[in-house]
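Below: the structure, in structure tokens.
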Amino acid sequence: MLHERLSSIYENVLRRNPGEIEFHQAVREVLESIGPVLGKHPEYAESKIIERICEPERQIIFRVPWEDDRGEVHINRGFRVEFNSALGPYKGGLRFHPSVYLGIVKFLGFEQIFKNSLTGLPIGGGKGGSDFDPKGRSEREIMRFCQSFMTELYRHIGEYTDVPAGDIGVGGREVGYLFGQYKRITNRYESGVITGKGLTYGGAQVRTEATGYGCAFFVDEMLKARGTSFEGKRVVVSGSGNVAVYTIEKIRQLGGVVVACSDSSGYVVDEKGIDLDLLKQVKQVERQRMNVYAERRGSQAVFVSGRSIWEVPCEVAMPSATQNEITGRDAGLLVGNGCVAVGEGANMPTNPEGIRVFQEAGVAFGPGKAANAGGVATSALEMQQNASRDSWTFEFSENRLQQIMRDIHARCLNTADEYGMPGDYVAGANIDGFKRVADAMLSLGLI
Ligand code: NDP
Ligand code: 2IT
């Protein structure tokens with residue numbers, strides 16, 4: 001339920017952003033959490049902080065023309081939404097996926113404001129991407145697309161302005177081509193303009209692993225807070241991209257057994273535990289589909305298509321593919337099968353009904369803003385290393401990441417307690433993330 005004032009703000013968001021359903025969903029979730037804050041802090045409402053937060057500071061939409069290997073010309077649409085810079089330069093990834101449109105970029109940019117705030121590091125919120133579909137494209141086509149995308153984007157970004165990184169469809173390979181083109185156009189080796197770079201040209205240790213590792217650390221903290229751990233637990237991780245693979249790697253190190261993972265073609269159940277080397281070979285090296293994993297693994301692995309991965313019984317669920325992948329029905333199945341904890345590696349993977357089902361059942365539910373913040377936090381560490389022309393060891397960087405995830409976990413719990421909602425990580429994350437941005441905006445005046 002929305003507080004009366006928040007309800008009229010939400011109506012305005014609907015009116016001003018027609019058809020952008022994912023953005024509406026992301027805004028509503030935050031507004032549902034922050035009602036109690038307005039009672040304690042009338043100054044936020046007086047300065048129209050919430051109305052300002054819901055309106056991006058700047059939205060850039062551009063044409064991306066490129067030529068395929070046969071010489072045919074294609075036109076895609078590029079986006080960068082610079083949402084909020086109260087805490088630092090806009091920071092957030094780029095998503096290349098055919099489903100990308102303004103509503104997706106705005107939902108991601110909006111979530112990023114609060115996530116980045118929650119890390120306690122000096123980064124504002126932004127997001128970008130394109131409706132380009134990388135599937136089936138050659139290396140040269142990917143490179144030409146990235147170069148064309150950056151040929152427009154470069155004028156809007158910079159170490160002190162806006163710092164992109166990867167997201168769905170944008171990994172180390174794409175970041176390399178994007179940075180190469182930025183460097184060429186500007187004649188500046190400005191390492192801090194993009195994160196997720198390779199280790200040979202300014203990248204940081206642990207950034208590749210950070211989102212997945214961080215999410216596993218966050219769930220580990222939630223389990224510890226309930227007197228248990230990953231040891232011996234059955235885990236299901238959706239997706240098999242950057243976030244999923246390193247989530248699986250860390251869960252295994254923490255003693256859990258990941259019995260299923262997926263891609264958009266279907267899921268694999270592997271009762272003895274996913275073979276990580278084989279998964280990396282199939283998905284990262286060969287860029288193949290999930291059925292190839294099952295074929296190579298032999299009779300112990302089963303490939304299933306056309307069904308929900310959340311039917312696979314587990315004690316811990318880590319949705320790490322895309323938005324709205326867990327519905328109320330899926331959540332009901334998970335709860336019925338004995339799931340005790342959920343950590344959102346993806347952004348907004350659980351729909352509002354799913355969240356309600358988990359919370360009513362007393363499942364420890366770690367929302368993406370908190371649980372997957374390790375990726376962007378380690379991006380901020382990459383920026384820090386670039387600014388000081390330094391590079392830290394893997395061990396030091398991983399310890400920093402683990403400490404950041406512990407701090408975020410503690411902040412969520414403490415804030416939820418303070419506002420009389422013990423154990424509610426959604427409220428804790430939204431309120432804590434919101435307050436830091438709101439206070440900075442008050443100090444900066446009417447901007
Ligand atoms: P990748 O592109 O590396 O992997 C995405 C995975 O999700 C693939 O297995 C993909 O399958 C699957 N997937 C994507 N879209 C869909 C869809 N519409 N339906 C079913 N499956 C889908 O991306 P990441 O691992 O980087 O991102 C995964 C999620 O994590 C996203 O929500 C992203 O926003 C979030 N995230 C990423 C961070 C990062 O640092 N990379 C940080 C924080 C959050 P297929 O290959 O078949 O499409
Ligand atoms: O959703 C996210 O936090 C990311 N895709 C990572 C953003 C970043 O700037 O590292």
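The table below gives the values:
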quantity: Long-range amide H partners of GLU57 with built H, under 5 Å; calculated: PHE83, ASN84
quantity: ³J(HN,Hα) computed for each position of the range 23-29 - Karplus, 6.51 cos²θ - 1.76 cosθ + 1.60, integer Hz, glycine/proline x; calculated: 5, 4, 4, 5, 5, 4, 4
quantity: Global form of the range 91-207, assessed from the alpha-carbon gyration tensor, a/c cut-off 1.5; calculated: oblate
quantity: Cα coordinate range in the range 388-447, projected on the principal axes (Å, largest first); calculated: 40, 35, 13
quantity: Relative contact order for the chain, counting Cα pairs under 8 Å that sit 6 or more residues apart, in percent; calculated: 15 percent
quantity: For the range 245-399: relative contact order, % (alpha-carbon pairs under 8 angstrom, 6 or more apart); calculated: 15 percent
quantity: Residue-normalised accessible area of the range 372-447, expressed per residue, 1.4 Å probe, Å²; calculated: 43 Å²
quantity: Inter-centroid distance (Cα atoms) of the range 267-284 relative to the range 356-371, Å; calculated: 27 Å
quantity: Protection-proxy order for peptides 37-47, 387-397, each taking the mean of Cβ atoms within 10 Å per residue, highest first; calculated: 37-47, 387-397
quantity: For a label point 7 Å along the Cα-to-beta-carbon line of GLU11, residues of the range 47-86 with backbone N under 14 Å; calculated: none
quantity: The range 1-122, dipole about Cα centre (Lys/Arg Cβ +1, Asp/Glu Cβ -1), debye to the nearest 20; calculated: 160 debye
quantity: Tensor-based shape of the range 307-364 (alpha-carbon gyration tensor, a/c under 1.5 rounded, otherwise prolate or oblate); calculated: rounded
quantity: When each of LYS48/LYS197; LYS233/LYS280; LYS233/LYS435; LYS233/LYS283; LYS106/LYS272 is checked by Cα-Cα distance, pairs over 32 Å; calculated: LYS48/LYS197; LYS233/LYS435; LYS106/LYS272
quantity: Listed peptides 57-64, 231-238 by packing density, highest first (mean Cβ within 10 Å); calculated: 231-238, 57-64
quantity: Whole-Å distance, taken between Cα centres, linking the range 87-116 and the range 146-174; calculated: 13 Å
quantity: Label point distance in nm, SER47-ARG296, each placed 7 Å from Cα along Cα→Cβ; calculated: 5.4 nm
quantity: Within the range 136-165: backbone nitrogen closer than 18 Å to the ARG184 label point (7 Å, Cα to C-beta); calculated: 138-156
quantity: Note, ³J(HN,Hα) from phi for the range 128-145, Karplus 6.51, -1.76, 1.60, rounded to Hz, x at Gly and Pro; calculated: x, x, 7, 7, 5, 9, x, 4, x, 8, 6, 3, 5, 5, 4, 5, 5, 5
quantity: Karplus-derived 3J(HN,Hα), 6.51/-1.76/1.60, for each residue of the range 45-51, Hz, glycine and proline x; calculated: 5, 4, 8, 6, 4, 5, 4
quantity: Mean Cβ count within 10 Å, highest first, over the residues of peptides 365-378, 120-133, 146-159; calculated: 365-378, 120-133, 146-159
quantity: Dipole magnitude of the chain, debye to nearest 20 (Cβ charges: Lys/Arg +1, Asp/Glu -1, about Cα centre); calculated: 700 debye
quantity: Rel. contact order, % - alpha carbon contacts under 8 angstrom, at least six apart, the range 96-209; calculated: 23 percent
quantity: Percent accessible area from carbon and sulfur atoms, the chain, protein chains only, probe 1.4 Å; calculated: 48 percent
quantity: Cα gyration tensor shape for the chain, rounded if a/c is under 1.5, else prolate or oblate; calculated: rounded
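The values are calculated or read from the model by the stated rules, or taken from the named source; none is laboratory data. Everything quoted here is computed from the prediction, not taken from an experiment. So basically every Cβ, Gly included, is an ideal-geometry build from the backbone, and we count neighbours across all protein chains shown. Note: accessible area is taken over every heavy atom of the protein model, side chains too, but ligands, DNA and RNA are not part of it. Shrake-Rupley method; radii C 1.70, N 1.55, O 1.52, S 1.80 Å.
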